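A short write-up of the structure that comes next.
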Amino acid sequence: MEELNKQNKETNDINTGEVVEEIVQHLNNPVSGPKPIVKKYLSTVTQIHAEGNKFYFSDGDARVEVRVVSDEIIRIRLAPHGVFLDDFSYAVPVVDQKVTTFKMEEQELQYLISTNTITCKISKNDFHISFIENQSQMVMSEDESPMHWEENIEFGGYYVYATKKCLSEENFYGLGDKSGNMNLRGRHFQNWNTDAYSFGWDQDPLYRTIPFYSGVHHGAAYGIFFDNTFRSYFDFGKEDNSKTSFWADGGELQYYYIHGPHLMDVVKRYQSLTGTHPMPPKWALGYHQCRWSYYPEKKVKEIADGFRSRNIPCDAIYLDIDYMDGYRCFTWNKSHFPDPKRMIKELANQGIKTVVMIDPGIKVDDNYWVFKEGKENNYFCRRSDDYFMEGHVWPGRCQFPDFTNPAVREWWGKLYKELVDIGVAGVWNDMNEPAVFGSGTFPNDVRHNYDGYRGSHRKAHNIYGMQMVRSTYDGLKKLMRNKRPFTITRAGYSGMQRYGCVWTGDNVATWEHLKIGNIQCQRMSISGVPFCGTDIGGFSGEPDGELFTRWIQLGTFSPFMRAHSAGDTAEREPWSFGEPYTSINRTYIELRYRLMPYLYSVFWEHHRYGFPILRPLVMLEQENAGNAYRQDEFTFGDKILVCPVLEQGAVSRMVYLPKGKWFNFWTHEVLTGESEHNIQAPLDHMPLFVRAGSVIPEYPVMQYVGEKNIDEVLLNVYYSEYEVNSFLYEDHGDTFAYEQDIYSEKKFSVKGTSYQLTIEQSVEGLYTPNYEWYNYKVIGLPFNVNKITVDDRDVTDYQLENNCLRFRSNKNFTSIKIYN
Ligand code: GLC
């Protein structure tokens, strides 16, 4: 340390550091005409200073903090005039320090800060920062120009900029809520949460802000998380093919460099910063039916009966805004719903949960208790000169709670009491960009508490929705006495996954939107927001039977599966289009329930280990350059490859299979990967493939989660000559007991030869499922079976059924051997 201080003093004595200034024309000041703006750049490093895992570099004026977070994560912050802002983030509540060994070294031209995996290089001369992988010495990301800023005269603070080199072979992924192609290369984006009704291909910005992207070049990946809630911008080689830039209208230039080298690692590490989704109640993974709006009560019951009488599984029905009295949140329209408690109970008796919408706009009405409480406690947002922020939304003139105030969140969370008491199972937060009719959103001068760190709407806009759903989630969690809440939000910011699932907003019933939604959910998944789905069928416009059925098929493999439609469209339930559509829709919704133990296990892998749920091909094989453009297939977890049919009238489609062997889910045909195949895909057939060596657990079809006691679990075992591990996760399904290890995580490993197949099981956790038996379906054995042993005891009762080996065993086995 003493040595460092000495160095600081020396460097300080040598250079005073001059700020490089660049004059650019100010084009958007019509009052005073164009005036010069001064862009200032970091210049030469003149001082350094170390404090534990934080290293401070200065050019005599501005300061940069380099903080080692883990072996693979380094955070950079810039303080243009030397004073850092308070270190507070809604996305990363605690920067979890995970590193023990790192070192700083001064060389003639640079400083090097190294962990076991990466090195951050700061060039003395030009203050360029780069990140290098230690083993390969590959430069993963490198400044093209030093970090820079412009003073903001009107609001104070700075517009902050970072510009990195963009390599010719580099591609980019992530940024959460964007429509259009998966690869972000050559495009420019903006983050400003926006109510984007009927958005289109490439329309930007949309509803959510996830300022996190991954870059892939030379087969290796890294990520940048620009944790800044102001309006932010990203340019991936659009303005200049050799530059990638990100900047914001205010706040701190603060970003995390997150190393891979696999895209999967980048995403997992991003989740280690911003958190994973808590385990949802299991029913939330069932099929959900929504419409704007189902009312009165008779209609809701007709829909519930419609599912049950047709044997189409369904777990939840949603009540959109019309259940309320004049769109006042937390009230009921008593002429449409005279006794909501009874109705909700009757639906529950049919196995159907009720989810209700709650918006942020509170009607200005002194006879309305929510408004009165908010007003009395000063919970509503105000403008800079202290007037209330008022705007029109569904109820008419409204005021809006400041969800960035912890006291407001606490209050709002408690408002759900009556809804919870009468049995409401989930809450849907909408319009929380926040959306305002006419003006779009709040004016910039609206003030926010920002958890005591104060700010204008410029700073709070992008996290308003996330703080709303946070308050909903936390409130429900308390009110439901630690049962898992189910919440759904439209707007959000990085870290929103800790509080709720998300739907992609007001899409359209077109084939193009089926494609947009397919990419959007994959993109959300690799941007740290795994529990995502589209309005199946399209919100506005009219799908025909074919489009709706293809959407149901894709939706079967959306983490969140909900059909929704606008009020001015024709009825839109899975049976609305007659045959053959109804039957096909039923088959796929049933498939969702059959695969429930698999889907739930994949969710657990996300929750516990940070794996994304949907994985695009580029994540499976990032070294394969072609995958940068193959965006219409993905795996759900790592075992099932989903190839949705996205073209009208298609009866086949080309499918790319990644490395390894894959079984056609429907025919059991084995195909070899790293190649393309033309696969039959008539309307009742969405191509699905299972990775060789997988164990896919299956429950019997149920009309809703928990309808039947499980007597035995079907294990579909797919032969492989390489060892493959699979997981089966089970727990109570609706409590937080899993946090006390009351869960069961089983690992199956499958490995075959030309004359033998071995299945091994190990079990972790304290939960014991009720069933005693596994029922096996072994697919693709390359030999005739002469003997089966379970833990060395012979099994005599086995059969061949459609070329699959069928037998049973007790669930507590350790090792099964199937012999030729
Ligand atoms: C918004 C939502 C939509 C909802 C409607 C009425 O447009 O995005 O899902 O049905 O408002 O509440």
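Against the empirical 2.2 N^0.38 Å (N residues), the stretch 284-438 has a Cα radius of gyration ratio of 1.12. What residues from the stretch 707-746 fall in the zone where the backbone N is under 15 Å from a label point 7 Å along the Cα-to-C-beta line of Asn770? Answer for the stretch 707-746: 707-713, 731-734. Basic side chains Lys and Arg get +1 at the Cβ, acidic Asp and Glu get -1 at the Cβ, and with that the dipole of the stretch 34-274 about its Cα centre reaches some 220 debye. Of the residues Trp773, Phe783, Asn709, the one whose Cα sits farthest toward the positive end of the charge dipole of the stretch 709-819, with +1 on the Cβ of Lys and Arg and -1 on the Cβ of Asp and Glu, is Phe783. Annotation: peptides 432-440, 595-603, 670-678, ranked by per-residue average of other Cβ atoms within 10 Å with the highest first, follow the order 595-603, 432-440, 670-678.
Label-to-label distance for Asp445 and Val139 is 4.7 nm, based on points extended 7 Å past Cα in the beta-carbon direction. Measuring nothing but how far apart in sequence close Cα pairs (under 8 Å, 6+ apart) lie, relative to its length, the chain scores a relative contact order of 9 percent.
Counting charges near His288 (Lys, Arg +1; Asp, Glu -1) among other residues having Cβ under 14 Å from its Cβ returns a value of +2.
At full extension, Asn349 and Ala625 could sit 94.1 nm farther apart than now, given 0.36 nm per residue minus the alpha carbon distance.
Here the simple spin-label model places points 7 Å from the Cα toward Cβ, and for Arg498 and Phe388 these points are separated by 3.1 nm.
Determine, at each q value in 0.09, 0.11, 0.12 (inverse angstroms), the log₁₀ of I(q)/I(0) that the Debye formula gives when each Cα of the stretch 262-362 is one equal point scatterer. Values, matching the q order: -0.33, -0.45, -0.52. The peptide list 194-200, 358-364, 476-482, put in order of mean Cβ contacts within 10 Å with the highest first, becomes 358-364, 194-200, 476-482.
Projected onto its three principal axes, the C-alpha set of the stretch 34-274 covers 54, 45, 35 Å, listed from the longest axis down.
For the chain, hydrophobic long helices are taken as DSSP H runs at least 15 Å long by C-alpha position along their axis with mean Kyte-Doolittle hydropathy of 0.0 or more; these are 545-556.
Between Val83 and Ser762, full extension at 0.36 nm per residue minus the direct alpha carbon distance yields a gain of 239.1 nm. Kirkwood Rh over Cα pairs of the stretch 533-688 into Stokes-Einstein at 4 °C, 1.567 mPa s: D in µm²/s? In µm²/s, the coefficient rounds to 78. Each Cα pair of the stretch 709-819 feeds into the Kirkwood radius, which the Stokes-Einstein equation turns, at 25 °C and 0.890 mPa s, into a diffusion coefficient of 166 µm²/s. Placing +1 on the Cβ of every Lys and Arg and -1 on the Cβ of every Asp and Glu, with no other charges, gives the chain a dipole of roughly 1680 debye about its Cα centre. Electrostatic tally near Arg409: other residues with Cβ closer than 12 Å to its Cβ, Lys and Arg +1, Asp and Glu -1, net -1. Distances between every pair of Cα atoms in the stretch 356-398, grouped in 10 Å steps from 0 to the bin holding the largest one, split as 27, 58, 14, 1 percent. Simple spin-label estimate for Glu239 and Glu739 gives 4.4 nm between the two label positions (7 Å along the Cα-to-Cβ direction from each Cα). Normalised by the number of residues in the stretch 709-819, the average gap of Cα pairs under 8 Å and 6 or more apart makes the relative contact order 29 percent.
Of Glu418, Glu150, the sequence from fewest to most neighbouring Cβ atoms within 10 angstrom is Glu418, Glu150. Both numbers refer to the Cα atoms of the stretch 169-305; Rg and Dmax are 19.0, 61 Å.
In this Cβ point-charge picture (+1 for Lys and Arg, -1 for Asp and Glu), the stretch 428-545 has a dipole of about 840 debye about its Cα centre.
Counting neighbouring Cβ atoms within 10 Å and putting the fewest first, the residues Arg310, Arg187 line up as Arg310, Arg187.
When each of Thr549, Thr117 is scored by the number of other beta-carbon atoms lying within 10 Å, the sequence from fewest to most is Thr117, Thr549. Rg and Dmax over the alpha-carbon atoms of the chain stand at 27.8, 92 Å. Our helix-only sum for the chain, with -39,500 (n - 2.57) per DSSP H run of n ≥ 4 divided by its residues, gives a mean residue ellipticity at 222 nm of -6000 deg cm²/dmol. Cα centroids of the stretch 377-454 and the stretch 156-177: 32 Å apart. If you take all other residues with their beta carbon under 11 Å from the beta carbon of Pro205, and give Lys and Arg +1 and Asp and Glu -1, the sum is -1. Given their separation in residues at 0.36 nm each and the Cα-Cα distance between them, Lys417 and Asp792 gain 129.4 nm when the chain is fully extended.
No value in this document is a laboratory result; all are computed from the given coordinates. None of these values were measured; they are calculated from a predicted model. Heads up, the Cβs are rebuilt from the backbone with ideal geometry, glycines too, and the neighbour counts pull from every protein chain shown.
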